[in-house]
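A short write-up of the structure that comes next.
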Amino acid sequence: MPDTHQLLMFIAAGWLLNLTPGPDVLYVVTHSLRGGARAGIVAGFGITTGCFVHIFAAALGVSALLAASATAFNVLKWLGAAYLLYVGVRLLFSRTIGEPIAVGDQVCVASVPVKLWSVFSGGFWTNVLNPKVAVFFLAFLPQFIAPNTEHTSWVFLALGTLFNVNAIPINIGWAVAAAWMAGRARAVGNVMHWMDRAAGLMFVGFGLKLAMSDNPAH
């Protein structure tokens, strides 16, 4: 395992990476705005579970195959791009979020009933079908493993698990913050309508960007 200094650097780098807005953060925030903090937290756990698939794959060498094989990378890339486009189009054509309700001097919005399993599985597949997540773990984690380390696979799994567990409070924070904002915005129904459209466009953009990307290992 890395020494204390390297471990602290690893944790700090992981937090900074997880704070950076991207498809994962957008997925958590969107579902928090639509269904409340619980939906956002479930979305975050779906993302975390999907990341574990890549961590185990990387430890077993599957990610190395994705990095080395253009065909394997492209197959997963197109599946991932198609899924992101699907999520984006669904948001673009989704129905407006719940009706605003008055609470004292504030305008709040009733949370929309959501299928939590669907939210969880969406976060899971958003990560599993993105080959760049696999290549990221393959490129990022070894930087914190000494060249002469024994049982490299176990150290890789330990660091990957630490990275993923450290992401949980970040995702929960995004979920709670988004739900808090949704509960206090005025004219929430109209705001959420346009936020869904904006999120949809961003997911479509992420999908197109993934579709046009090359294997970073080449």
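Rule-based calculations on the coordinates, nothing more; no lab input. Here the structure is a predicted model, which means the values were calculated and not measured. We place every Cβ from the backbone using ideal geometry, glycine too, and count neighbours over all the protein chains shown.
Note on K132: lysines with a C-alpha under 22 Å away, same-chain residues under 8 apart excluded, are K77, K209.
Each of H5, H54 was scored by other Cβ atoms within 10 Å of its Cβ. Arranged with the fewest first, they read H5, H54.
Summing charges over neighbours of L85, with a neighbour being any other residue whose Cβ is under 14 Å away from its Cβ, gives +3 when K and R count +1 and D and E count -1.
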